[in-house]
Structure formats: C-alpha cells, structure tokens
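Below: one structure, written as structure tokens.
The values are calculated or read from the model by the stated rules, or taken from the named source; none is laboratory data. Keep in mind it's a predicted model, so treat the numbers as computed, not measured. Neighbour counts run over all protein chains shown; Cβ positions are idealised from the backbone, glycine included.
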Amino acid sequence: MIVVMSSQATAEQIEQAVERLESMGFGVHRSTGENHTILGAIGKPREEDRTVMEMMPGVERAVLVSQPFKLVSREFKKENSVIEVGGHIRIGEDKLAVIAGPCAVEDEESLIQVAIEAKKAGASMLRGGAFKPRTSPYSFQGLEKEGLEILARAREISGLPVVTEVLDQYSVELVASYADVLQIGARNMQNFRLLREVGRVDKPVLLKRGMSATMEEWLMAAEYILSEGNHRVILCERGIRTFETYTRNTLDLSAVPVIKHLSHLPVIVDPSHGTGNWRWVPAMSKAAVAAGADGLMLEVHPAPQQALSDGAQSLTPDKFARLMTELGSVAESVGRGL
Ligand code: PEP
Ligand code: MN
C-alpha cells in the first residue's frame, strides 16, 4: 500500500501515520519528494487497512498496488507523468521529444556543429557521452570532465538541454552539475547504488532498459529511483539480446504499449543502439512513434566513418533532417507532433 501525505501534512502527522502503519504490522519505507512525503507499507495490506489510513489527518490518499513495482505503476497513478526538462521541454505530452547527437563527445567543434544542425532539424535535446561504458578497456572511454564542459558550451550556443550518461555513483554530483538529464545506460540498469544515488538528485533521469532485462526488472529499477524521492524518470527502450545477430540488438517495440499499460512514466525509443546500423534507424524510428513512444534518442555524427564510437549506427545531420521530415506525418497519424 502507498500512503501519500498531503503537501500540507505536518511532521507530527507524518509520524502518526508511520506509527499507525507500524502498529498494524507493516514495515514502512519513507520517500521524501519535492512536494509530498510518500509512505510505502511493506507487508500484505487489505482494503480495511487502506480505509483506516485514508481517514488519518494529513493523509491525501492511500492506494493498494498489486504489482511488485509500486510508485511507477499505473495503479498508483492513472494520469501520464509529464517530465519537465530544462524549464521548457515537457516529455510525455503530445509533442515528441527527439534527443539527437553523437555517441560520445569527441571535440567541441563537431559537437557544436551537430547541436546546431540537430536543432535546426527540430531536435529538442542534445545527447553525447562524456563517460563511455565500453566493452574493451582499450577503446575510447570519453573526455570525462572536459566532455561535460563541451556539452555545456553546446547547450549555451544551441539552446538544447543536454542528456549525458553517468557511469557510477561517485560521479553523480559532477555529471548532475552539467547535465539537464542524467542517463543510466543499459549496462548499469541494475546498478542499485547508482539508481539510489540518482534518486536523490533533483534532475530527470533517462533509464535505459538493460540488454537482458525483462520489463518487470526495468520497472523495478525505475522504482529504486522513485523510492528515493526523484519521480522524474524517462524510460528508454534500446534493444535486447536475442539469438538474432544481423542486428546489434533486437529492438523490442512491444515494450512501448506494455510499459504504457503498466506505468505512468514516459517511454522513448533508441533505434540506433536497437539496430546497430543507420540503415534501419529511420524505419524503426517511425515504427516507435507509431507504437506510441513519447520520443526518440538518435545518434547523429557529422562524419560517421570517423566516429570514435558507434559510427555504424549514426545518422549524418542530413539523414537526420530527412528523417525528421518523414516522422511528421507518422506523428500526426497518432495524434502527436514534433
Ligand atoms: C549510449 O547511449 O551511448 C549507450 C551506451 O547506450 P546503451 O546504454 O543503451 O548501450
Ligand atoms: Mn552509442
């Protein structure tokens, strides 16, 4: 059971509610958010317990949730969550969020070039990794702090908010001081310490699906972030491992309607990592929008053949601009816009 305290609840009322839950035999998980304190009752609550709690002073509502994920579930919150980024972008409403940029920040000139061209083509946010999770320790690992500084300059020049990955719990504060959205990569989806740490930060989090994660595991990972008080989570489907080897991953577009059914959180799709080849990116981008995704994450590089990572799946700025034009009518057909 989730007990939502009213935004005006006093500290004393919160304590009384905690004591009441404990006296009924429940463990209590307390999550202090921006406006509300939320109490999670751990145990097997019944309808009678819910009614008791809803009558207590300072309690706004109490909800029984049957799913293992609670705060992220549609049972807990019926309306779609809309996540605000950088003060002017809203993810989860009619307008689709398109996050474009290179896999990694490589140098200032090329990032600024991509940022300006992506903005012109209609992108709403800029991506680029400063800390890269690479399969080989000998591959390019990212420019780290210098990469973050370059991202900040590209934001200043283009006006696009920036999304960048945070690799471990030790660099959350540093990355959060530059980024508008913190990306948790597929390889870190179940790094529970990192999830808890970004759950305590006042920045939206883009949570990628782990490459072998079920949808339930993915939602449980999001639950870690919300349970620490940060409710601004955007889910990102980026393909899962299957027996198929022709594509880098198998982009699981069925995740879009399923997640929308199970959760109120927005979900976007990354067809670049999902397919591993720029040729398949336009078709899968259109399919993602048709399936109801709230946005896309696309790798765009000015010279993909020379990219330090993921060149094979990167669109040139020209191809990206063409795709944006083609996406317009697909978006319109499902009641969305770009
Ligand atoms: C990325 O977005 O560059 C990335 C590393 O993605 P993923 O975590 O989905 O592999
Ligand atoms: Mn990449």
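Are any residues in the stretch 126-152 more than 10 Å from ligand 1 (Cβ to nearest atom) and not in a loop (DSSP other than H, G, I, E, B), and if so, which ones?
Leu126, Lys145, Glu146, Gly147, Leu148, Glu149, Ile150, Leu151, Ala152
Select from the stretch 277-298 the residues that are without any contact (Cβ under 8 Å) to a residue 40 or more places away in the chain, of a type outside the set (S, T, N, Q) and more than 20 Å from Trp218 (Cβ to Cβ) and list them in ascending order.
Arg279, Trp280, Ala283, listed by residue number.
Among Asp94, Asp49, which is the only one that is in contact with a Leu (Cβ under 9 Å, 6 or more places away or on another chain) and either outside the structural domain of Gly129 (by TED's automatic domain parsing) or touching a residue at least 40 places away in the same chain (Cβ under 8 Å) (or both)?
Residue meeting the stated conditions: Asp49.
Could you tell me whether any residue of the stretch 180-200 is over 21 Å from Leu226 (Cβ atoms), within 12 Å of ligand 1 (Cβ to nearest atom) and surrounded by 17 or more Cβ atoms within 10 Å (Cβ to Cβ)?
No: zero hits.
Would you call Ala115 more than 16 Å from ligand 1 (Cβ to nearest atom), touching a residue at least 40 places away in the same chain (Cβ under 8 Å) and within 16 Å of Met324 (Cβ to Cβ)?
yes
Let me spell it out: the conditions are (1) surrounded by fewer than 21 Cβ atoms within 10 Å (Cβ to Cβ); (2) at pLDDT 95 or above, and Gly229 meets all of them except one. Which number is the exception?
(2)
Please count how many residues of the stretch 45-86 are among the hydrophobic types (A, V, I, L, M, F, W, C) and outside any loop (DSSP other than H, G, I, E, B).
Residues in the stretch 45-86 being among the hydrophobic types (A, V, I, L, M, F, W, C) and outside any loop (DSSP other than H, G, I, E, B): 7 in total.
Within the stretch 115-150, track down each residue that is closer than 25 Å to Glu93 by Cβ and of a type in the set (A, V, I, L, M).
Ala115, Ala118, Ala121, Ala123, Met125, Leu126
Against the conditions (1) of a type in the set (Val, Ile, Thr); (2) in a helix (DSSP H, G or I); (3) within 16 Å of ligand 2 (Cβ to nearest atom), where does Ile268 fall short? Just the number, please.
Checking Ile268 against (1) of a type in the set (Val, Ile, Thr); (2) in a helix (DSSP H, G or I); (3) within 16 Å of ligand 2 (Cβ to nearest atom), the one that fails is (2).
Restricting to the stretch 123-146, what's the tally of residues that are over 20 Å from the mean Cα position of the chain (by Cα) and within 16 Å of ligand 2 (Cβ to nearest atom)?
8
Restricted to the stretch 153-206, and to residues that are among the polar types (S, T, N, Q) and assigned to a loop (DSSP other than H, G, I, E, B), which residue is farthest from the chain's Cα centre (by Cα)?
The qualifying residue farthest from the chain's Cα centre (by Cα) is Ser177.
Condition test on Glu237, is it assigned by TED's automatic domain parsing to the domain that holds Val181, within 21 Å of Ser73 (Cα to Cα), within 16 Å of ligand 1 (Cβ to nearest atom) and crowded, with 18+ Cβ neighbours inside 10 Å?
Considered against the rule, which asks whether it is assigned by TED's automatic domain parsing to the domain that holds Val181, within 21 Å of Ser73 (Cα to Cα), within 16 Å of ligand 1 (Cβ to nearest atom) and crowded, with 18+ Cβ neighbours inside 10 Å, Glu237 comes out as yes.
Exactly one condition in (1) under 30 Å from His36 (Cα atoms); (2) under 16 Å from the mean Cα position of the chain (by Cα) is not met by His261; state its number.
All conditions pass for His261, except number (2).
Filtering the stretch 95-110 down to residues that are more than 10 Å from ligand 1 (Cβ to nearest atom) and of a type in the set (Gly, Ala, Ser), which residue is nearest to Gln141 (Cα to Cα)?
Checking each candidate, the answer is Ser110.
Please enumerate the residues belonging to the stretch 278-334 that are polar (S, T, N, Q), within 24 Å of Glu93 (Cα to Cα) and within 16 Å of ligand 1 (Cβ to nearest atom).
Within the stretch 278-334, Ser285 is the sole residue that qualifies.
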